[in-house]
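Single-structure report; data block below.
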Amino acid sequence: MNKRKKLGQHFLKSNNIAKFIVDSANITKNDVVYEVGTGRGILTSFLCKNSKHVISVEKDKSLYNEIINVFADIKNLTIIHGDGFKQNEKFDIFISNLPYSKSRTAINWMLMQKFSLAIIMVQYDFAQKLLSTKKDRKAISVLAQSGFNMKILRKIGKENFSPVPKIDSAIMEFKRKSIFSIELIQSVNLLFSFRRKKIQNIGKQLGLNIKSDVRLEEMSNDEIIKFANKIKKI
């Protein structure tokens, strides 16, 4: 159990919540579904019932060995042992009950992938951070809001997981708006390392001549993305 906690692995126990996640994706027999983190397969069985094919990736070797036998007879399922964010698979819908430690990695990865819809579970406070429109918003907030239409579908109490985490979770929906390059993502993160400075001073440090007394925190998401597109070309 301690190893699971250290890895941020908290397994969903509720079949009703698992079914809610899958139902929220409106999966059809034309859809290929990509799942990162097979875990013990609580989502996987529901996903296979509705989809054309499910590709599920599990990084934990012991979990992979356990689950590969459980679902051996399901024809429209491929289970892969490896890092789900380093595979080269084509898919329509992304579904995941993510380890808490991988939430930020998942969002950055999602921004670069070609898919229409994602339903994922993240920490509730991280979900609120993604949706924040306040001046203290983070780089990940700007990126996520620019790349997706997002909303919290349901708050999930910590008692629905084993081992029990310290915080509640949220099921989130992501509908694609834009696909970003790794260079743009890196540029936005670079800008936020100067977040308290005026744009003209940030420009000087990056070799750009910009006359503006505006600070990064005062800019809209679109303005930040536009500025980031300029500096990624440097």
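No lab work stands behind these numbers, since they all come straight from the coordinates. Computed from a predicted structure; not experimentally measured. Don't worry about glycine lacking a Cβ; one is built from the backbone with ideal geometry, like all the others, and counts go over all protein chains shown.
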Inset, instruction - Could you list Val54, Val188 in order of exposure, starting from the residue whose Cβ has the fewest other Cβ atoms within 10 Å? - result: Val188, Val54
Inset, instruction - Check the straight Cα-Cα distances from Lys86 and name the aspartates and glutamates below 12 Å, setting aside those fewer than 8 residues away within the same chain. - result: Glu58
Inset, instruction - Distance between Cα centroids, the range 74-92 to the range 144-174: provide it in whole Å. - result: 23
Legend entry - At most 12 other Cβ within 10 Å, DSSP loop - trypsin sites (Lys or Arg not before Pro), the range 92-135: Lys114, Lys134, Lys135
Inset, instruction - Could you check the simple spin-label distance between Ile182 and Phe85, using points 7 Å along Cα→Cβ, in nm with one decimal? - result: 1.2
Inset, instruction - Could you pull out the pairs from Lys90/Lys129; Lys114/Lys230; Lys59/Lys177 whose alpha carbons sit more than 31 Å apart here? - result: none
Legend entry - Fraction of antiparallel bridges per DSSP, the chain only, in percent to nearest 5: 50
Inset, instruction - Put one equal scatterer on each alpha carbon of the range 2-179, apply the Debye formula with no solvent term, and list log10 I(q)/I(0) at q = 0.15 1/Å to two decimals. - result: -0.82
Inset, instruction - Please arrange Leu191, Leu131 by counting, for each residue, the other beta carbons lying within 10 Å of its beta carbon, fewest first. - result: Leu131, Leu191
Legend entry - Sites Ser62 and Met112, calculated FRET efficiency, Cβ-Cβ separation with R0 22 Å, nearest 0.05: 0.15
Legend entry - Within the range 151-234, chymotrypsin sites (Phe, Trp or Tyr not before Pro) in DSSP loop having at most 16 other beta-carbon neighbours inside 10 Å: Phe194
